[in-house]
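Okay, handing you the structure first.
The values are calculated or read from the model by the stated rules, or taken from the named source; none is laboratory data. From a predicted model like this one, the values you see are computed outputs, not experimental measurements. Positions of Cβ are generated from backbone atoms using ideal geometry, with glycine treated the same way; all protein chains shown enter the neighbour counts.
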Amino acid sequence: MNAATLERKANLEAESDTKKPSSLSLNRVDAADAELKAHFSHCLGVETLFTRQLVSFQVSKSEPIYRWFKYKEAFSAALVQQLLRKDDLKPGKVLDPFAGSGTALFAAAAIGFEAHGIELLPIGRQIFDTRRVLEVEFTPSDFAALQRFANEKPWQQSTVRVAIPTIRITEGAYSSANVEAIEKFMAAILSETERVQQVLRFALLCVLESVSFSLIRMRAVCAVFQCSSAPAGSKPLLSSPNAR
């Protein structure tokens with residue numbers, strides 16, 4: 001056996017030795033998993049009603065407001081209501097400590113629960129607050145203002161612009177034409193009521209991805225945009241429209 005063969009054999013043995021701890025660790029994980037499954041077998045089952053669509057954002061794509069912004073981390077309102085109704089729970093208080101876009105809060109409120117949530121991400125608050133404004137605070141004149149704004153498109157004739165806040169990673173996220181259109185839109189909504197402004201800002205937020213060059217940059221722009229439009233001193237606490 002020559003030196004090259006001996007060296008190759010030694011390398012293979014060394015490589016095999018480095019893999020052993022990993023294999024042993026995986027075996028321990030498998031054993032622990034099997035032990036847990038056996039221990040809780042009496043209370044485990046397969047729920048055929050929980051389809052992929054029900055436990056994901058898929059169903060929400062056809063729901064008003066939810067479908068405006070693609071909040072992919074969300075699940076469906078139908079799932080929340082099904083879980084709350086499954087054990088004939090009487091309406092009471094619901095707390096969602098990771099409220100996201102407020103799906104659980106609005107779904108629970110729709111069937112009589114008093115719902116509260118906590119959410120730190122600005123986009124979650126933006127979605128939640130906009131829906132609450134539309135469902136609770138909007139007046140007929142506000143809806144008329146939205147319709148007029150959509151029909152007249154006042155930003156297209158505007159010469160006034162409101163600069164988009166940027167950070168280094170968001171520079172160059174849009175074409176110059178899109179930057180101009182966005183900044184004119186931001187200026188045009190200032191003549192509307194605060195309620196209408198909030199809905200129009202959210203509508204703009206929902207199309208930022210489709211008019212940007214980069215998804216990563218777009219997400220950063222969204223974060224900057226949301227933080228710049230959030231009320232001063234806003235807190236991460238959310239409550240459903242029927243909460244006392």
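One residue is enough: does the stretch 100-119 have a residue meeting the conditions surrounded by fewer than 20 Cβ atoms within 10 Å (Cβ to Cβ), within 24 Å of ARG201 (Cα to Cα) and either in contact (Cβ under 8 Å) with a residue 12 or more places away in the chain or out of contact with any Lys or Arg (no Cβ under 8 Å at 6 or more places or on another chain) (or both)?
Within the stretch 100-119 (the criterion being surrounded by fewer than 20 Cβ atoms within 10 Å (Cβ to Cβ), within 24 Å of ARG201 (Cα to Cα) and either in contact (Cβ under 8 Å) with a residue 12 or more places away in the chain or out of contact with any Lys or Arg (no Cβ under 8 Å at 6 or more places or on another chain) (or both)), the answer is yes, since at least one residue qualifies.
Report, by residue number, each residue of the stretch 26-65 that is among the aliphatic types (A, V, I, L, M) and without any contact (Cβ under 8 Å) to a residue 12 or more places away in the chain.
Answer for the stretch 26-65, where residues must be among the aliphatic types (A, V, I, L, M) and without any contact (Cβ under 8 Å) to a residue 12 or more places away in the chain: LEU26, VAL29, ALA31, ALA32, ALA34, LEU36, ALA38, LEU44, VAL46.
Could you pull out the residue among ALA144, ALA150, ALA99, ALA104 that is at negative phi, in a helix (DSSP H, G or I) and outside the structural domain of LEU205 (by TED's automatic domain parsing)?
Step by step, each of ALA144, ALA150, ALA99, ALA104 is checked, and only ALA104 is at negative phi, in a helix (DSSP H, G or I) and outside the structural domain of LEU205 (by TED's automatic domain parsing).
Name the residues in the stretch 64-91 that are surrounded by fewer than 14 Cβ atoms within 10 Å (Cβ to Cβ) and closer than 13 Å to ALA108 by Cβ, would you?
Residues satisfying the conditions are ARG85, LEU89, LYS90, PRO91.
So, VAL94, is that one surrounded by 13 or more Cβ atoms within 10 Å (Cβ to Cβ) and more than 23 Å from VAL136 (Cα to Cα) or not?
In short, no.
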